[in-house]
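Have a look at the structure below, then the notes.
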Amino acid sequence: MARKRVALLISGRGSNMPSLIAAAKDPDYPAEIILVLSNRPEAGGLHRASAEGIATAVVDHTDFGKDREAFERAVQAHLDVHRIDIVCLAGFMRLLTSSFVSRWSGRMINIHPALLPSFKGLHTHQRALEAGVKIHGATVHFVVPEVDSGPIIAQAAVPVLDDDTAEALAARVLAAELRLYPLALGLVAGGKSSIAAGGTVRNATAVLATAHLIVPGP
Ligand code: GRF
């Protein structure tokens, strides 16, 4: 089966990019990273992508004022040129219209730094600390018009420590994200994730049903 052509949409560091690029270097991985597109010209991830020999594009949302459709048409034009099959949002900080989301239904995924459906939105790590949860994490999900919703493909959990700062917790979650996102993209690109009748995802892959993460530990 031909490898799926993937675009990463970023707004900043592109923190998840290196691990996705690394995974895609394996010829058996079902996706290849073709394009990194940013809505911010200064996004650090663009340089990292260029250094890896990956095509980059900037569609600066400030050029489009409040016209989200025009911004998205410009984004779509780049996706068309590169014949993109799957879009991965990776720290992409623009809201997308429902028509763009519908166009990419089942082919656009996002990583969110919390165990959805908890802590949708921003400042997830600080909010997790304030809520006192003992387990936090990250989620990869299909994108639907409602932000940080949509069928959950895969999740990674990390412990929350008593003395955590939001920064320390963010770093622990990001380390988990770097493992989670390539795994989830591999499932989607390999046709192993399907949305079942109730709207939840079934993954045709093994799961260790006896794995526990208990916090605090023994
Ligand atoms: C990650 O925490 C990811 O979950 C979220 O954005 C963060 C990455 O942003 N969606 P960046 O790549 O460091 O700008």
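Would you mind calculating the gained length between Ala211 and Arg179 on full extension (0.36 nm times residue separation, minus the Cα-Cα distance), in nm to one decimal? Walk me through the numbers on the way to the answer.
Values: separation 32, 0.36 × 32 = 11.52 nm, distance 1.68 nm.
Extra length from Ala211 to Arg179 when fully extended: 9.8 nm.
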(request) Return the long-range amide H neighbours of Val36 (sequence gap of 5 or more, or a different chain), with a cut-off of under 5 Å between placed amide H atoms. (result) Leu8, Ala55, Thr56, Ala57
(request) With no solvent and one equal point scatterer placed on each C-alpha of the chain, evaluate the Debye formula and give log10 I(q)/I(0) for q = 0.11 Å⁻¹, two decimals. (result) -0.54
(request) Can you tell me the 0 to 90 degree angle between the C-alpha axis of helix 166-189 and the longest principal axis of the chain, rounded to 10? (result) 60 degrees
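Using a Förster distance of 30 angstrom, determine the FRET efficiency expected from the C-beta separation of Ser194 and Val58, and round it to 0.05. Before the final figure, lay out each step's value.
Numbers: r = 34 Å, r/R0 = 1.14.
Using R0 = 30 Å, I get an efficiency of 0.30.
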(request) Using +1 at the Cβ of each Lys and Arg and -1 at the Cβ of each Asp and Glu in the chain, identify which of Ser193, Ile153, Val143 lies farthest towards the dipole's positive end. (result) Ser193
(request) Run the dipole for the range 93-206 about the Cα centre, Lys and Arg Cβ at +1, Asp and Glu Cβ at -1, nothing else charged, and hand back the magnitude in debye, nearest 20. (result) 580 debye
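What number, rounded to the nearest 500 deg cm²/dmol, is the helix-based mean residue ellipticity at 222 nm of the chain, given -39500 (n - 2.57) per DSSP H run of at least four residues and division by all its residues? If you can, show how the numbers build up before the last one.
On the way: 6 runs with 67 residues, N = 218.
Helix contribution divided over all residues of the chain: -9500 deg cm²/dmol.
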(request) Can you figure out the FRET efficiency of Arg202 with Leu161, using R₀ = 30 Å and their beta-carbon distance, to the nearest 0.05? (result) 0.35
(request) Would you list which lysines come within 23 Å of Lys134, measuring only between C-alpha atoms, while excluding same-chain residues fewer than 8 positions from it? (result) Lys120
(request) Among the aspartates and glutamates, select those whose C-alpha is under 16 Å from the C-alpha of Lys25, and discard any that sit fewer than 8 residues away in the same chain. (result) Glu52
(request) Give a residue-ordered list of calculated ³J(HN,Hα) values for the range 61-66 (Karplus: 6.51 cos²θ - 1.76 cosθ + 1.60, θ = phi - 60°; whole Hz; x for Gly, Pro). (result) 5, 5, 6, 10, x, 8
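Determine the gain in length on full extension of the stretch Ala171-Met93; use 0.36 nm per residue of separation and subtract their C-alpha separation, reporting nm with one decimal.
Details: separation 78, 0.36 × 78 = 28.08 nm, distance 1.91 nm.
Separation in residues times 0.36 nm, less the Cα-Cα distance, equals 26.2 nm.
For the range 104-164, how big is Rg over Rh, using alpha carbon atoms and the Kirkwood form of Rh? It would help to have the intermediate numbers written out before the result.
Values: Rg = 12.2 Å, Rh = 12.0 Å.
Reported Rg/Rh, Kirkwood definition of Rh: 1.02.
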(request) Take the Cα radius of gyration of the range 105-218 and divide it by 2.2 N^0.38 Å, with N its residue count; two decimals is plenty. (result) 1.08
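Taken together, the values in this text are just the output of simple stated rules run on the coordinates, not laboratory data. These numbers were taken from a predicted model, which means no experiment stands behind them. All Cβ positions, even for glycine, are placed from backbone atoms using ideal geometry, and neighbour counts span all protein chains on display.
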